[in-house]
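The values are calculated or read from the model by the stated rules, or taken from the named source; none is laboratory data. Note that the structure is predicted; figures quoted are calculated from it, not measured. Note that we place each Cβ from the backbone using ideal geometry, even for glycine, and neighbour counts take in every protein chain shown. Calculation scope for accessible area: heavy atoms of the full protein, side chains included, ligands and nucleic acids excluded. Shrake-Rupley method; radii C 1.70, N 1.55, O 1.52, S 1.80 Å.
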Amino acid sequence: QVQLVEFGGGLVQPGGSLRLSCTASGIIFTINDMGWYRQAPGTQRELVAGISSSSSINYADSVKGRFTISRDNAKRTVYLQMNNLKPEDTAVYYCNIKARSRSYTRLSDYWGQGTQVTVSS
């Protein structure tokens with residue numbers, strides 16, 4: 001069983017910064033892609049940023065230049081540094097990994113429990 005635990009959400013004023021982290025634990029053979037998604041009330045979950053096992057990175061257009069994703073493979077952790085936050089960034093943020101629990105199993109999606117980010121004055 002794979003578990004993801006997230007930290008770092010909270011309330012911040014516009015222009016402020018937050019850093020999210022997500023650590024995977026359990027029986028994991030390998031982690032491929034890692035990423036962050038978000039979902040605001042009444043909207044669909046959307047990809048914010050993703051990073052592959054070879055550190056190829058992609059961002060949603062709305063966060064380019066403000067957010068930075070990184071990963072520490074030894075710690076099985078993915079980070080999201082969020083700068084110059086805007087009210088429209090308010091959402092529940094979920095981390096996601098694509099991983100194999102054994103060498104012979106298929107890639108599966110695993111999700112964190114979600115952490116609330118609220119940007120408001």
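Worth a mention:
- Computed over protein heavy atoms with a 1.4 Å probe, the accessible surface of the chain works out to 53 Å² per residue.
- Modelled spin labels at Asn58 and Asp109, positioned 7 Å past Cα toward Cβ, are 1.4 nm from each other.
- In order along segment 104-121, the Karplus-derived 3J(HN,Hα) couplings, from 6.51 cos²θ - 1.76 cosθ + 1.60 at θ = phi - 60°, round to 9, 9, 7, 5, 10, 8, 10, 10, x, 7, x, 9, 7, 10, 10, 10, 7, 8 Hz, and Gly and Pro are given as x.
- A Cβ-based charge dipole, computed about the Cα centre of the chain with Lys and Arg at +1 and Asp and Glu at -1, lands at about 340 debye.
- Derived scalar couplings ³J(HN,Hα) [segment 37-45; Karplus, 6.51 cos²θ - 1.76 cosθ + 1.60; whole Hz; x for Gly, Pro]: 10, 9, 9, 8, x, x, 10, 7, 5
- Accessible-area composition of the chain, carbon plus sulfur, in percent [1.4 Å probe]: 47
- Measuring with a 1.4 angstrom probe and ignoring ligands and nucleic acids, Arg19 comes out at about 130 Å² accessible.
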